[in-house]
Amino acid sequence: MEFLGNHILSIDQFDKDDIVKVFLIAEKMIPYANREKKTRVLQGAILSNMFFEASTRTRISFGSAFNLLGGEVRETTGIEASSLAKGESLYDTARVLSGYSDLIVMRHPEKNSVQEFSEASRVPVINAGDGENEHPSQALLDLFTIKLELESKGKSIDGSNIALVGDLKFGRAVHSLCKALNLFENISFNLISPEQLKLPPEIRQDLVYNGMKINEFNSIESGIGDVDIIYVTRVQEERFDSPKEANKYKGLLKLNQNIYTENCEPNTVIMHPLPRDSRPDANELDTDMNENPNLAIYRQTDNGLLVRMALISLILGVDQTLSDYDEDISWVSSKKSN
Ligand code: NCD
């Protein structure tokens, strides 16, 4: 795909070479993310971070990524804080905001809303989550993490066994991740979900079409025995008709240290796009795993910064000129690795 000046709306836009390219540039971002040096390559550029739905890490990591490249960030959070609450259309919002920015990152509760917005935008738009549909930058950082975690154990994505656990119906992170994994070979998927929260049929069909092996389970113990990665997700309560409906599924699939020790191969990697729902009635990934070295959730979030810096630099055409603008950092960084 052509990154320069283009929108990132779906993983469908990527082929394997594009993903390799993003990962190579993500690795070049490590010294900046580690505060070993800084670059001013985006000095003068403005990112509009438009989050019309709850977010912590996606919003802050896109903003930090842009700042770390030397650019500035403007933000709106919540529909109620924008003129969408006054009845303004996505079309008008896009025409206006793109006059103020070089790049827009947008999250919105409705499927295909970010695409609609991008059609009216005069600058590139990155989809940071459109309803239950897609979350492409999350899939790229998840895939980058899967690659690094497997490589550290002498394995690779091709031929791996991956368990996807939880709300596979509404989880956009899972949907985009499946599309990304579909670019690889011979992966075996253990899909673990309640019957009513199974992976959408079209995404499942694409996996089958690409020769992936699929096994389905409705209990966690039965599906995590022989996998390399367990990718746990939250019940996406905001997509259900009512909290009562969502509550039916909370707490049905829980991973904790005891279940892990009894059922998993040693060194099985645990991932989660986060946020994990740590309320007692949900608790899909127990905090008693926090010191387990195979828990990759914070390496995953750190990788989000690298991958988002890579995407931004490719879209704005600075991926080859980063180091021309390097400077030493002027403060003492005491950042520890995750
Ligand atoms: C995910 C999302 O918003 O889709 N969060 C994230 O961006 N890391 C997953 C979730 O909210 O459960």
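For segment 175-209, the tally of residues that are within 13 Å of L253 (Cβ to Cβ) and either in contact with a strand residue (DSSP E or B) (Cβ under 9 Å, 6 or more places away or on another chain) or among the acidic types (D, E) (or both) stands at 6. The residues of segment 300-326 that are open to solvent by 70 Å² or more (accessible area, probe 1.4 Å) and either within 16 Å of the ligand (Cβ to nearest atom) or charged (D, E, K, R) (or both) amount to a single one, D324. A65 meets the conditions (1) more than 16 Å from the ligand (Cβ to nearest atom); (2) touching a residue at least 40 places away in the same chain (Cβ under 8 Å) in every case but one. The failed one is (1). For the structure I just gave you, tell me whether R74 is in a helix (DSSP H, G or I) and basic (K, R). For R74, the condition - in a helix (DSSP H, G or I) and basic (K, R) - is not met. Restricting E75, E88 to those that are more than 22 Å from the chain's Cα centre (by Cα), of a type in the set (D, E) and modelled with pLDDT under 95 reduces the list to E88.
Tell me yes or no: at least one residue of segment 110-128 is more than 23 Å from N215 (Cα to Cα), touching a helix residue (DSSP H, G or I) at 6+ places or on another chain (Cβ under 7 Å), more than 16 Å from the ligand (Cβ to nearest atom) and acidic (D, E). Scanning segment 110-128, I find at least one residue that is more than 23 Å from N215 (Cα to Cα), touching a helix residue (DSSP H, G or I) at 6+ places or on another chain (Cβ under 7 Å), more than 16 Å from the ligand (Cβ to nearest atom) and acidic (D, E), so the answer is yes.
When you scan segment 258-275, do you find a residue that is assigned to a loop (DSSP other than H, G, I, E, B), within 16 Å of the ligand (Cβ to nearest atom), farther than 22 Å from V22 by Cβ and open to solvent by 40 Å² or more (accessible area, probe 1.4 Å), even just one? Looking for residues that are assigned to a loop (DSSP other than H, G, I, E, B), within 16 Å of the ligand (Cβ to nearest atom), farther than 22 Å from V22 by Cβ and open to solvent by 40 Å² or more (accessible area, probe 1.4 Å), one finds at least one in segment 258-275, hence yes.
Look at (1) open to solvent by 40 Å² or more (accessible area, probe 1.4 Å); (2) closer than 14 Å to S137 by Cβ and you find that D18 fails only one, number (1). If you filter segment 21-47 down to residues that are open to solvent by 20 Å² or more (accessible area, probe 1.4 Å) and under 24 Å from G129 (Cβ atoms), you find that the one that is nearest to the chain's Cα centre (by Cα) is K21.
The values are calculated or read from the model by the stated rules, or taken from the named source; none is laboratory data. Just so we're clear, the structure is a prediction, and the values are computed from it rather than from any experiment. Counting neighbours? That spans all protein chains shown, and the Cβs are built from the backbone with ideal geometry, glycine included. SASA here: full protein model, heavy atoms, side chains in, ligands and nucleic acids out. Shrake-Rupley method; radii C 1.70, N 1.55, O 1.52, S 1.80 Å.
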